[in-house]
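Here is the structure we will look at, set down as structure tokens.
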Amino acid sequence: MTRHATFEQQYDALRHGCGMVVLEHWSSVTLTGADRKAFFNNFCTNDVKILTPGESCEAFVTNVKGRILAHGLVSCRENELVFLGTPNQSPRLIEHLDRYVIREDVQLRDTTAERKYVLLSGQAPALSTSEGHSLVPWNLIGGDNVGILELSSHAFDAAVGQLADRDWVAVDWHVFTAARIEAGTPLFGVDFDEHNFPQEVGRDREAISFTKGCYLGQETVARIDALGHVNQKIVGVRFFGTDVPSAGAELSKDGAKVGAITAAAFSPRLGAPLALAMVRREANTPGTRLDSPVGKCEVVALPV
């Protein structure tokens with residue numbers, strides 16, 4: 001079943017059973033040194049400085065103009081901070097941070113090749129790997145008992161094999177995409193990028209502290225907060241037809257373009273195609289009807 005599970009079986013494993021999604025080539029940056037927390041706190045939107053070992057928080061790293069340079073989970077360990085995120089973020093993040101290391105006791109290392117990640121949905125098992133492993137609490141798909149298993153690269157195959165032997169279902173990327181869209185979870189490099197401001201992503205509660213004090217780009221983030229809105233934002237869009245639209249497809253209202261789809265999939269919860277889309281403020285309120293290349297659609301609140 002693990003190798004040949006249907007879409008429905010994979011989705012059911014994610015929602016109600018034991019499902020695993022291999023997060024191919026996800027970025028890992030490790031910070032060590034006595035000043036690691038205070039240093040990283042100066043460059044991200046969440047309050048990393050208050051984390052204790054075992055705790056984590058989602059955060060954006062912003063440039064001086066407040067635009068997003070990176071996005072992921074910051075995990076606090078006994079002797080290190082680990083930034084975990086979607087692929088291809090590590091080199092740019094290290095280059096950015098390294099510019100500001102002057103006398104601080106902090107070392108930056110790209111550990112992407114050393115650490116592998118698997119999203120687990122279900123009661124995490126005990127693994128008899130020869131290397132240590134940890135479960136990072138980052139719930140990308142909603143529901144209960146969801147986290148990300150971190151493994152050393154040479155322990156990865158054995159650990160995934162053990163999970164398969166215990167009837168954990170291997171879940172394809174398109175099934176994971178359906179689940180994360182239902183949960184309203186956008187990904188850096190897929191749904192948003194370096195052209196966006198943090199508040200356009202809709203992760204204020206999870207990834208932004210408005211009380212932590214100064215950091216690079218904080219002035220812009222605070223100004224947007226004081227303004228009370230952004231000009232565009234990622235929202236959910238439900239389609240009334242049966243066709244799943246393509247990423248990049250335009251959305252329009254009264255003949256004028258108001259947004260574009262960033263990711264789409266068939267939603268088992270809705271029994272209809274569902275997408276994440278970056279939509280302008282005048283058209284992104286739930287209930288707003290829009291037009292698309294695959295027919296009529298409507299902005300919906302997420303999660304569904």
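The values are calculated or read from the model by the stated rules, or taken from the named source; none is laboratory data. What you are looking at is a predicted structure, and each value in this text was computed from that prediction instead of being measured. For neighbour counting, all protein chains shown are included, and Cβ atoms are generated from backbone atoms with ideal geometry for every residue, glycine included.
Observations on the model:
- Candidates 30, 45 - the one that is closer than 19 Å to residue 188 by Cβ and touching a helix residue (DSSP H, G or I) at 6+ places or on another chain (Cβ under 8 Å): 45
- Among the candidates 129, 111, the residue that is among the hydroxyl-bearing types (Ser, Thr, Tyr), modelled with pLDDT of 95 or more and out of contact with any Phe, Trp or Tyr (no Cβ under 8 Å at 6 or more places or on another chain) is uniquely 111.
- Residue match in segment 284-296 (condition: assigned to a strand (DSSP E or B), among the aliphatic types (A, V, I, L, M) and touching a Gly at 6+ places or on another chain (Cβ under 7 Å)): no
- Taking segment 165-183 as the range and being buried (at least 20 other Cβ atoms within 10 Å of the Cβ) and in a loop (DSSP other than H, G, I, E, B) as the test, the residues that pass are 168, 171.
- Residue pairs meeting the criteria (Cβ under 6 Å; at least 6 apart or on separate chains; first closer than 22 Å to residue 162 by Cβ and assigned by TED's automatic domain parsing to the domain that holds residue 87, in segment 109-120; second in a loop (DSSP other than H, G, I, E, B) and of a type outside the set (A, V, I, L, M)): 117/26
- Within this structure, residue 17 fails the test of being at positive phi and surrounded by fewer than 22 Cβ atoms within 10 Å (Cβ to Cβ).
- Residue in segment 179-195 that is more than 15 Å from the chain's Cα centre (by Cα) and under 20 Å from residue 44 (Cα atoms) present: yes
- Residue in segment 63-75 that is outside the structural domain of residue 303 (by TED's automatic domain parsing) and over 20 Å from residue 201 (Cα atoms) present: yes
- Close Cβ contacts (under 6 Å, 6 or more residues apart or on different chains) running from residues in segment 155-166 that are assigned by TED's automatic domain parsing to the domain that holds residue 117 to residues that are of a type in the set (Asp, Glu) comprise 155/131.
- Residue list for segment 58-75, filter: closer than 19 Å to residue 136 by Cα and either in contact with a Gly (Cβ under 9 Å, 6 or more places away or on another chain) or surrounded by fewer than 21 Cβ atoms within 10 Å (Cβ to Cβ) (or both): 58, 59, 60, 70, 71, 72, 73, 75
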